Each structure stands twice: as C-alpha cells, then as structure tokens.
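What follows is a single structure, written as structure tokens, with notes after it.
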Amino acid sequence: MISQKVKENGQFRTSSGVVSLSQHKGGFGISSGSWSQPAAAAQLYLLVPLTKERDNIFGAGAEAARFVEALHLPGKARCEMGHLQLAVDTPEQYRSKVLEQIAQEVQKTRKAISANGSVRLEGLESSVMVRQADDRNVELFLNYSLSITTDK
C-alpha cells in the first residue's frame, strides 16, 4: 500500500529492506508495564531525490515525514520514521571512476616510497559502497587492501 501511495504521489521512490516474521508475544514487564512484539516487520526505504528545487536534505526529510504522517494504514499496522541519510542511486554506475582513482592512488604510493616490486590489490570485486560524509556529501568507496612487496 505504501509503495502504491508513493507511485501516486510521484515525488518519491521506495526500496524494500529487511522483512522479519516472528511469533506474536505479549506480556507484562516489571519495570516497563505491558509489552508486545510485532508478528511481522518490514523496512521500506522512502527515497526522496534531491533536485534543483529540493536541494536541502532537511527539507526533503520534512517532506518525507509529512508524507508518512498522512498515511492511513489498515488494522493494527503502524509506520515509524527511521533516520534520514543521504544515498546514491545505483552506486555501481561509478565503479570505473572509483577504480580509476584507486589506480591513481597506487601510483602515488609507489612513487612516494620509491618501490620496485609487486603490488597486490584485493577486494576490488566488492560492491561500491556509500557512506555519508556530511549533510550534503557522500563518499563512494570499495573496501580493498593494498600491499606492496619491494625488491631488495
């Protein structure tokens, strides 16, 4: 239903996350009163593209919050907002650029230590990952290791 509402809205996109099922439990805790564990939970990422008109992550987050608050879910279903973070649409599209930058860093490293010998890179086949650097920037990276063996 949320995905359908997103399509109708036209300003956002969704991406599915983890879905978990568990036995529904309820009880009474000594210090916290009654409690219950949901029988099912699903993560759904609401993607809010930044544009020239929507270039502020906080404004985009506020738009997303208003969208979520306006949802009317059936039965006992409920929706919670998670944390806000920057992301990149299909980071794999930047693989060649990231590999090019790694190659440049390898050359700089070899030059800095005047190394003659062999270079070994591992992990270049891993997925391009994204981490948020600040409220406006992300970093793309591959988790790789570099070793240089020098000739004596």
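Identify all residues within the range 85-100 that are part of a helix (DSSP H, G or I) and surrounded by 13 or more Cβ atoms within 10 Å (Cβ to Cβ); write none if there are none.
Within the range 85-100, Pro91, Tyr94, Arg95, Val98, Leu99 qualify.
Enumerate the pairs (first residue in the range 103-125 and farther than 22 Å from Phe141 by Cα; second residue anywhere and not β-branched (Val, Ile, Thr)) with beta-carbon separation below 6 Å, excluding pairs fewer than 6 apart on the same chain, so at least 6 apart or on different chains.
The qualifying pairs are Asn116/Asp151; Gly117/Asp151.
Could you tell me which residue of the range 126-146 is nearest to the chain's Cα centre (by Cα), considering only residues that are in contact (Cβ under 8 Å) with a residue 12 or more places away in the chain and surrounded by fewer than 10 Cβ atoms within 10 Å (Cβ to Cβ)?
Restricting to residues being in contact (Cβ under 8 Å) with a residue 12 or more places away in the chain and surrounded by fewer than 10 Cβ atoms within 10 Å (Cβ to Cβ), the top hit is Asn137.
So, Gly82, is that one in a loop (DSSP other than H, G, I, E, B) and surrounded by 10 or more Cβ atoms within 10 Å (Cβ to Cβ) or not?
When the stated conditions are applied, Gly82 passes them.
Test Val19 against the stated conditions and say whether it is under 30 Å from Val119 (Cβ atoms) and modelled with pLDDT under 90.
Numbers: under 30 Å from Val119 (Cβ atoms): no; modelled with pLDDT under 90: yes.
No: the conditions fail for Val19.
Tell me whether the range 126-138 contains one or more residues that are touching a Lys or Arg at 6+ places or on another chain (Cβ under 9 Å), outside the structural domain of Phe12 (by TED's automatic domain parsing) and part of a strand (DSSP E or B).
Yes, the range 126-138 has at least one match.
The values are calculated or read from the model by the stated rules, or taken from the named source; none is laboratory data. Because the structure is a prediction, the values reported are computed rather than measured. Virtual Cβ from ideal backbone geometry, glycine too; neighbours counted across all protein chains shown.
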